[in-house]
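First comes the structure, then the notes that go with it.
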Amino acid sequence: MSKKKKNIKKRRTNFRYNENDERTIGEDILSFVSTFLVVSILIILVSAFLFKPALIQGRSMYPNFQNGDRGVSNVIGVSVEGIQRGDIVLAKTTTEKGEPTTVIKRVIGLPGETIECKEEQVYIDGKPLDESEYLNNDYAKEWKETNGYFNYNFDPVTLQEDEYFLMGDNRPISMDSRDTGPYKKSSILAKDFLVVYPFEHFGYYEK
């Protein structure tokens, strides 16, 4: 009487998904971790050298931007295009408690200029500044009729060769260079602003 040989399959120890799959769970985990690291590094590089994520907090740029608007600002544009009057910029500063923060404001005064405001009019080197391109006249008129002013007066400020005077579009409630003083160029992180959320506010703003 012959004994039948039993075919005993060796137990796999490499945790394959099935008999025909050449991949292992370990290989997939390693692939996922590698991809995650590469994507994370790319996000950091893009954030540092190309675009800076930003969040509109408050109403200092209203009605051009709404509280809660999210988007990105152009980092490389500062060095490639420079900073011009009317530019929307992302700048670093500190809160009243001394904590670091970033703000989105508009460039009004450039290095070497003297800026002041009297009787609702901003002057650059003694000449009235036309701000109709970015200030909402209807909003300004309504605020002035209700509260008696829109642009409050401030004494002349002469900017140094590395200083910029930043102001919010919503002049009555914006805390800006009128309160904190001029911003150094090194404080300006990026320019322009692409609103990506909420979707109904989507748009790219340069000036």
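The values are calculated or read from the model by the stated rules, or taken from the named source; none is laboratory data. These numbers come from a predicted model, not from an experiment. Neighbour counts run over all protein chains shown; Cβ positions are idealised from the backbone, glycine included. To get the accessible areas, we keep the full protein, side chains included, count just its heavy atoms, and leave off ligands, DNA and RNA. Shrake-Rupley method; radii C 1.70, N 1.55, O 1.52, S 1.80 Å.
Annotations
- Total residues in the range 59-83, condition part of a loop (DSSP other than H, G, I, E, B), touching a strand residue (DSSP E or B) at 6+ places or on another chain (Cβ under 7 Å) and more than 22 Å from Phe202 (Cβ to Cβ): 1
- Filtering the range 155-182 to residues that are touching a Leu at 6+ places or on another chain (Cβ under 8 Å) and over 15 Å from Cys117 (Cβ atoms) leaves only Tyr164.
- Glu142 surrounded by fewer than 19 Cβ atoms within 10 Å (Cβ to Cβ) and either free of Cβ contacts under 8 Å to residues at least 24 places away in the same chain or not hydrophobic (A, V, I, L, M, F, W, C) (or both): yes
- Here is the figure for the range 77-132: residues that are open to solvent by less than 20 Å² (accessible area, probe 1.4 Å), small (Gly, Ala, Ser) and more than 20 Å from the chain's Cα centre (by Cα) total 1.
- Residue that is least open to solvent (accessible area, probe 1.4 Å), among those in the range 156-168 that are in a loop (DSSP other than H, G, I, E, B) and not aliphatic (A, V, I, L, M): Gly168
- Condition met for Arg171 (modelled with pLDDT of 95 or more, not aliphatic (A, V, I, L, M) and not in a loop (DSSP other than H, G, I, E, B)): no
- Reported count of residues in the range 181-207, each being open to solvent by less than 70 Å² (accessible area, probe 1.4 Å) and free of Cβ contacts under 8 Å to residues at least 40 places away in the same chain, is 2.
- Matching entry among Tyr123, Tyr134 (being under 24 Å from Ile188 (Cβ atoms), touching a residue at least 40 places away in the same chain (Cβ under 8 Å) and aromatic (Phe, Trp, Tyr)): Tyr134
- Selection count where residues are among the β-branched types (Val, Ile, Thr) and exposed (fewer than 14 other Cβ atoms within 10 Å of the Cβ), scope the range 62-76: 1
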